Amino acid sequence: MNLTVTTHPNNTVPKLNYDVLIENQPDGGVSATVLGLPDFKGSDVTKEEALEKLIQLLQERKPEIVILEIEPPQTEHPWMKFAGMHKDNPLFPEVLVYIEADRSQIDLENETK
């Protein structure tokens, strides 16, 4: 299996975008949670303050996004085991003639439609 990890140099790091769930809490506060990352959660009195805490948490943890490319394992096509299995069959030429005649008949029928 081949594995490639792509990172960005520090001076060209793209901005990270997060989807954030904002929820009003029963105590009147607000929580902000990064979707898919429940560990990243900020809570405070207002939405703005909760988001600011969340931003501080993200900056402290210094998350990094890398692109992980994994080459799938090489597998044989499932039909390849049947390729050439009838090459030595003495009746195979007759089958080919039958297939060709049948295909020609189908083509003629399709031309007249």
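Is there any pair linking a residue in the range 45-73 that is assigned by TED's automatic domain parsing to the domain that holds Asp19 to one that is surrounded by 15 or more Cβ atoms within 10 Å (Cβ to Cβ) and of a type in the set (Ser, Thr, Tyr), with Cβ under 8 Å and at least six apart or on different chains, and which?
Ala50/Ser31; Ala50/Ser43; Lys53/Ser43; Leu54/Thr33; Leu58/Tyr18
Counting only residues that are surrounded by 12 or more Cβ atoms within 10 Å (Cβ to Cβ), in contact with a strand residue (DSSP E or B) (Cβ under 7 Å, 6 or more places away or on another chain) and modelled with pLDDT under 90, how many does the range 1-33 have?
Qualifying residue count for the region: 1.
Among what's in the range 72-94 and is surrounded by 10 or more Cβ atoms within 10 Å (Cβ to Cβ) and either hydroxyl-bearing (Ser, Thr, Tyr) or at pLDDT 90 or above (or both), pick the residue that is nearest to the chain's Cα centre (by Cα). First the steps, then the outcome.
First, the residues of the range 72-94 that are surrounded by 10 or more Cβ atoms within 10 Å (Cβ to Cβ): 86, 89, 92, 94.
Checking which are either hydroxyl-bearing (Ser, Thr, Tyr) or at pLDDT 90 or above (or both) leaves us with 89, 94.
Working: Asn89: 44, Glu94: 47 Å.
The extreme case among them is Asn89.
Is it true that some residue in the range 45-67 is modelled with pLDDT under 90, acidic (Asp, Glu) and over 30 Å from Ile22 (Cα atoms)?
No: zero hits.
Could you grab me the full set of residues in the range 44-82 that are polar (S, T, N, Q) and either part of a strand (DSSP E or B) or in contact with a strand residue (DSSP E or B) (Cβ under 9 Å, 6 or more places away or on another chain) (or both)?
Listed by number, the residues that qualify are Thr46, Gln56.
Return yes when Ala83 is among the aliphatic types (A, V, I, L, M) and touching a helix residue (DSSP H, G or I) at 6+ places or on another chain (Cβ under 8 Å) and no when it is not.
no
Exactly one condition in (1) part of a strand (DSSP E or B); (2) modelled with pLDDT of 85 or more; (3) surrounded by fewer than 10 Cβ atoms within 10 Å (Cβ to Cβ) is not met by Lys41; state its number.
Of the numbered conditions (1) part of a strand (DSSP E or B); (2) modelled with pLDDT of 85 or more; (3) surrounded by fewer than 10 Cβ atoms within 10 Å (Cβ to Cβ), the odd one out for Lys41 is (3).
Just give me the residues in the range 56-99 being of a type in the set (D, E, K, R) and on the phi > 0 side of the Ramachandran plot, in sequence order.
Residue satisfying the conditions is Lys62 alone.
The values are calculated or read from the model by the stated rules, or taken from the named source; none is laboratory data. These numbers were taken from a predicted model, which means no experiment stands behind them. Neighbour counts run over all protein chains shown; Cβ positions are idealised from the backbone, glycine included.
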